[in-house]
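The values are calculated or read from the model by the stated rules, or taken from the named source; none is laboratory data. Just so it is clear, the model here is predicted, and its values are computed rather than measured. A quick note on method: Cβ atoms are made from the backbone with ideal geometry, for glycine too, and the neighbour counts reach across all protein chains shown. Quick note on the areas: whole protein, heavy atoms, side chains included, nothing else; ligands and nucleic acids left out. Shrake-Rupley method; radii C 1.70, N 1.55, O 1.52, S 1.80 Å.
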Number of protein chains: 4
Amino acid sequence: MNSFGRLFRISVFGESHGNQVGVLIDGCPAGIRISEDDFTNDLLRRKSGAKGTTPRIEDDKAFISSGVFNGYTSGSPILITFQNKNTKSEDYNKLANFPRPGHADLTAKMKYGGFNDYRGGGHFSGRLTLALVAAGVIAKKLIHPVSVQAKLIEAGGLKDINAAIDHAIKNEDSIGGIVECIVENGLSGLGEPFFDSFESVLSHAVFAIPAIKGIEFGSGFQAAKMFGSQHNDQIMDSKGTTESNFAGGINGGISNGNPIVFRVAVKPTSSISKAQHTINLQSNKREELKVTGRHDACIALRVPVVIEAVTALVLADFMLVEQKIPHVVS
Amino acid sequence: MNSFGRLFRISVFGESHGNQVGVLIDGCPAGIRISEDDFTNDLLRRKSGAKGTTPRIEDDKAFISSGVFNGYTSGSPILITFQNKNTKSEDYNKLANFPRPGHADLTAKMKYGGFNDYRGGGHFSGRLTLALVAAGVIAKKLIHPVSVQAKLIEAGGLKDINAAIDHAIKNEDSIGGIVECIVENGLSGLGEPFFDSFESVLSHAVFAIPAIKGIEFGSGFQAAKMFGSQHNDQIMDSKGTTESNFAGGINGGISNGNPIVFRVAVKPTSSISKAQHTINLQSNKREELKVTGRHDACIALRVPVVIEAVTALVLADFMLVEQKIPHVVS
Amino acid sequence: MNSFGRLFRISVFGESHGNQVGVLIDGCPAGIRISEDDFTNDLLRRKSGAKGTTPRIEDDKAFISSGVFNGYTSGSPILITFQNKNTKSEDYNKLANFPRPGHADLTAKMKYGGFNDYRGGGHFSGRLTLALVAAGVIAKKLIHPVSVQAKLIEAGGLKDINAAIDHAIKNEDSIGGIVECIVENGLSGLGEPFFDSFESVLSHAVFAIPAIKGIEFGSGFQAAKMFGSQHNDQIMDSKGTTESNFAGGINGGISNGNPIVFRVAVKPTSSISKAQHTINLQSNKREELKVTGRHDACIALRVPVVIEAVTALVLADFMLVEQKIPHVVS
Amino acid sequence: MNSFGRLFRISVFGESHGNQVGVLIDGCPAGIRISEDDFTNDLLRRKSGAKGTTPRIEDDKAFISSGVFNGYTSGSPILITFQNKNTKSEDYNKLANFPRPGHADLTAKMKYGGFNDYRGGGHFSGRLTLALVAAGVIAKKLIHPVSVQAKLIEAGGLKDINAAIDHAIKNEDSIGGIVECIVENGLSGLGEPFFDSFESVLSHAVFAIPAIKGIEFGSGFQAAKMFGSQHNDQIMDSKGTTESNFAGGINGGISNGNPIVFRVAVKPTSSISKAQHTINLQSNKREELKVTGRHDACIALRVPVVIEAVTALVLADFMLVEQKIPHVVS
């Protein structure tokens, strides 16, 4: 299913080289002031054009055509679309029979019997994250004053991200990175044991984002190397404030009021100009492939705002379920 | 919600020191031969008693009271329960006002207004994983001949797991570990883009297991340090066999037929005999706490079979959705 | 799926001649006082033994084994079971190859490949409504002071229900009836357009009850014969009080604060002593069948409390979604 | 939620006087040939313009902008929209403070705190049924050769529907009607006991359609007046063919292979030119209201194709779950 959420539910649609991509948001409370300017900042953060990102430039203008009335959400489903304009399908047509290593080309072809739109990855394209970011803008308004902040803390194994990207570009190669996200504002009680733990629901949403290879909360993989006496966060008061935060703000699947902290691993962009090997599906022979087209040297640069978006979506849903947001905001 | 799955759906219930724990399985195909012996092996692997595990010994006998008729699943909901016998609630009564660091004691108390059963962690207890393992036994039968194998590959930062546990026991401390799981048998086409990617659904299930702090697929966090030219798995044939498997058997959220590989980080057991600090909820003062009771020095020892179980549950559900398992097996 | 509800979710299980029937309730707020006496009244109303009902008498004692702690709901899943004791499977064994007209015997056999428990209808038995009634008792506590009242208003086409039943018994036959249900207490705002209208969700739940053939709200089928000028309920004040109530308390799928009124048609009990024709599945020949065993002459007598139960379940779920019930009651 | 379905899931959006109405279809198998001509017939059947229907004429042209590639469904979400052009919002502006009797105006205003788009009923408009019909066209292709046929069998209490409508128009009034729907092609095994019986799921979908007041299957409300010996459908062969069909093709919530038959009651159009009473929400006084604008004298005329659509949607979903339709059609 291309949908997510219980009471605040989003559905994404569209293809990289089709008419548009977009999102349908259901269950959004009424009374939230929305203007198209609200989207500018987050869409810019996701946008390409900077060093290390693809030169495919779209104006990425959000068009809201349902669910907003007189400038406020109306309680009905909100449809937001983004037109595709700067598509160069010819870059991709030749790839129809050359599944790109690291991409969904071959799995999609097998799953959909070859009926899938393969151009630019079709529905599997990272362009779909535009829809996530747009929905995230509304979710962030909903959860205010809870704040969600994600940033790239490492690329290609380096803290000096700029240097890492230069290195990758020079090698006509791509690199991955690590994004860290922090949720602040003392929200306790979000999440449920077996099976909707906070980590369960959040990781479900995060792994919907293309290129994510791992997620860890608080101490994460480091926890496996620690002693219990080091790892346990000593409790300081009855609100649950702790000395350390190896738990990442979550105990037993439920947020404990301390900052929620998690990190995700982003793989290097799969599309690279370097020669690779794949199978020619027509001849059934292995051939060399150079993915020309337009690519990001480090897709991880554009991921933080997407991570923020899905985190805000998850928070909005949990907060509606926990009755921390009303159905009519005024 | 204490439920998971779309067409193969399980619901867990029970408390550590209540009458029983158990699982209700809905959507299980009819015609699968089930006997109580089927559970023996997996329950033993989860069982405690060995070095590094708690001395609380339960007979862990699965009692099936619905949904199986004349030795075969009938198509109706299957209820499996495990009686709790060896409970020592007195060990826990004194903890009612002393939330244990690292546990759900305080978050549960806050979320449920103090009405939760706090004895032994109540519904948050690791004992609930018995229910998962039992459901997993049935799921494994369903997905056969697909195989799921998990093992502990590291504890306390060491590959020599035995030594790591000895060290922890000597220090009256606990340690974490890393579990690796591999799914083999050429299943392609499982998983969906946005939002039910294979990684999304699997991580959702995995984070329902207590003590998990992170999950990574294939290259995982290492991907963040790699070049695209290293990371891309070169495609060798039209079935999608690849030279390497950094993708962990999944592209675009869909299984590609190569082995599915993932690792999870397990934190050190939170209950330790060493002195820690917490808040006395009656006096509202910080006090020292030694969790006596009975604990695992390395809970990660008992996690692999639980990981296998939830992986099998996820596979069963995906395979039913993808029509790779019929509703009547015969 | 054998489950229903979004935030207040119930799952039923069990078979007529198995160990037990029961219900698992998930999402029930914490802090509701529950004792076994709470179930007495509603279980008695469903109970058999009176004129027109089956002589199979079970003690119908609710056993709560999870989710209640120190007399209050704990916020964890609640498991309620009813043991089956007075089973006479021999009455049914001979029916294995004689699908009873009007029953699920043949559809169940076909759907589950013959693996289903056919004794007494197995999982399709009306005995499963015990589970619904038990869950309804808890739901009624939750929705208090909203009241739900259902009663049999007609049987066998007569308002004199007693006479109708005497007539049926004399003829060794069975009769149907009409149950009317009224929800009172000014609840507006429950229900959502497309597709979770109040009528949608309620009818979904009601048609889960065996033997229901129709449902109508307010004017119901009579509406088809009316003029708009007659049917429209004139609005009297800004709270939405109306002069008439042909809408049955619902406009646009949303409760309007007036009493919610609906009626359901219950078919005559399918099991009758009179000779009927069916197919002998062994010989593949048509044969005469007299269903001896123990039956209700008018199952509709026992339906009102079941209708109340599912209505209360639907209300509880809607009220949780609409934040009219908190997650911790105190 | 504005969504429905498990594996074949539709979500509707839009408002009567907004930019458009539409539907997002998720889970549609790949490989179904779709052209815009496919929609012509069913959209015409729903269209207005004939005697007894509103003079608001829209061209009702389906625009497919995602999920179809090279003329075939691609397996990705399908977005279908219909532009609103012939809107006369001025007809409705004056109604903002005059909730129309029989409409959702007041319940919507209360539920959404006055933020809802009230023009022409906004999201509650019957115009949303366009979206249902469009989705139904695709569902009908999926379920082929199963046929779904609905027709108006009675209006204003008369079998002579033409006369009934003339009478209503002459009186500046509106009338209701009864629609009967029959599903043919020997599908057995669709539906599940507790709670997804065929009747449960179908009635859930049907009551999403505005103006429906009741639904009955097979014998329906007449069953309440019958003897069991009359009502039981005698079984003729091992496929389950029955002499009569009072069951309406369903036993125990599962389709039995005989034709599925149900009827729905449609209320008279709420908008009428005759004077009615409502509350002026500004002055809080009762006032007389004549709903001028453009209305249907008998909305039931346009309902059959909508009933067919939701029935086809329900069948498609059940057939996917039951593996009677593959995920790739070719």
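Report whether or not C:LYS61 is basic (Lys, Arg), within 11 Å of chain D (Cβ to nearest Cβ) and touching a Phe, Trp or Tyr at 6+ places or on another chain (Cβ under 8 Å).
no
Return the residue satisfying two criteria in turn: it lies in segment A:201-210 and is in a helix (DSSP H, G or I) and open to solvent by 10 Å² or more (accessible area, probe 1.4 Å), and of such residues it is farthest from the other protein chains (Cβ to nearest Cβ).
Only one residue tops the list, namely A:VAL201.
Out of segment C:195-212, which residues are in contact with a His (Cβ under 8 Å, 6 or more places away or on another chain) and without any contact (Cβ under 8 Å) to a residue 40 or more places away in the chain?
Within segment C:195-212, C:PHE195, C:SER203 qualify.
Hand me the list of strands (runs of 3 or more DSSP E) wholly inside segment D:213-330 holding 2 or more residues that are open to solvent by 20 Å² or more (accessible area, probe 1.4 Å).
The strands (runs of 3 or more DSSP E) meeting that bar are D:260-266, D:285-289.
Looking at segment B:259-269 only, could you name the residues that are at the interface with chain A (Cβ under 10 Å from one of its Cβ atoms) and under 30 Å from B:SER244 (Cα atoms)?
Within segment B:259-269, B:PHE262, B:ARG263, B:VAL264, B:ALA265, B:VAL266, B:LYS267 qualify.
In segment A:1-24, how many are part of a strand (DSSP E or B) and more than 19 Å from A:THR129 (Cβ to Cβ)?
0
Sort through C:ALA134, C:ALA164, C:ALA155 and tell me the only one that's open to solvent by less than 20 Å² (accessible area, probe 1.4 Å) and either among the hydroxyl-bearing types (Ser, Thr, Tyr) or facing chain D (nearest Cβ under 8 Å) (or both).
C:ALA155
Within segment A:54-65, is even one residue hydroxyl-bearing (Ser, Thr, Tyr) and in contact (Cβ under 8 Å) with a residue 24 or more places away in the chain?
Within segment A:54-65, one or more residues are hydroxyl-bearing (Ser, Thr, Tyr) and in contact (Cβ under 8 Å) with a residue 24 or more places away in the chain.
Under 6 Å by Cβ, and 6 or more places apart or on different chains, what pairs join a residue from segment C:73-85 that is closer than 11 Å to C:SER11 by Cβ with one that is among the polar types (S, T, N, Q) and not in a strand (DSSP E or B)?
These pairs meet every condition: C:PRO77/B:ASN2.
List the pairs whose first member sits in segment B:270-289 and is more than 7 Å from chain A (Cβ to nearest Cβ) and closer than 23 Å to B:THR54 by Cα, whose second member is surrounded by 22 or more Cβ atoms within 10 Å (Cβ to Cβ) and basic (Lys, Arg), and whose Cβ atoms are under 9 Å apart, counting only residues at least 6 apart or on separate chains?
Sorted first by the residue in segment B:270-289, then by its partner, the pairs are B:SER271/B:ARG100; B:LEU289/B:ARG100.
Quick check on B:ARG45: is it among the basic types (Lys, Arg) and away from chain A (no Cβ under 14 Å)?
Judged against the criteria, B:ARG45 is a match.
Report the residue count in segment D:172-200 for those that are more than 7 Å from chain C (Cβ to nearest Cβ), open to solvent by 10 Å² or more (accessible area, probe 1.4 Å) and either farther than 16 Å from D:LEU313 by Cβ or in a helix (DSSP H, G or I) (or both).
6
Does A:ILE34 fit the bill of being open to solvent by 20 Å² or more (accessible area, probe 1.4 Å) and at pLDDT 95 or above?
For A:ILE34, the condition - open to solvent by 20 Å² or more (accessible area, probe 1.4 Å) and at pLDDT 95 or above - is not met.
Looking at (1) in contact with a Ser or Thr (Cβ under 6 Å, 6 or more places away or on another chain); (2) under 26 Å from A:LYS285 (Cβ atoms), can you tell me which one B:GLN230 breaks?
Of everything listed in (1) in contact with a Ser or Thr (Cβ under 6 Å, 6 or more places away or on another chain); (2) under 26 Å from A:LYS285 (Cβ atoms), B:GLN230 misses just condition (1).
Touching an Asp or Glu at 6+ places or on another chain (Cβ under 7 Å) and more than 8 Å from every other protein chain (Cβ to nearest Cβ), is that true of C:VAL329?
no
Search segment A:37-66 for residues being surrounded by 15 or more Cβ atoms within 10 Å (Cβ to Cβ) and basic (Lys, Arg), and hand back the single one that is nearest to D:SER3 (Cα to Cα).
Filtering segment A:37-66 for residues that are surrounded by 15 or more Cβ atoms within 10 Å (Cβ to Cβ) and basic (Lys, Arg), the one nearest to D:SER3 (Cα to Cα) comes out as A:ARG46.
Residue by residue through segment B:211-227, note down the ones that are in contact with a helix residue (DSSP H, G or I) (Cβ under 8 Å, 6 or more places away or on another chain) and at the interface with another protein chain (Cβ under 7 Å from one of its Cβ atoms).
B:LYS213, B:GLY214, B:ILE215, B:GLU216, B:PHE217, B:SER219, B:PHE221, B:ALA223, B:ALA224, B:PHE227
Quick one: in segment A:10-25, of everything that is at the interface with another protein chain (Cβ under 7 Å from one of its Cβ atoms) and buried (at least 21 other Cβ atoms within 10 Å of the Cβ), which residue is farthest from A:VAL201 (Cα to Cα)?
Once the filter is applied, the top-ranked residue is A:GLY18.
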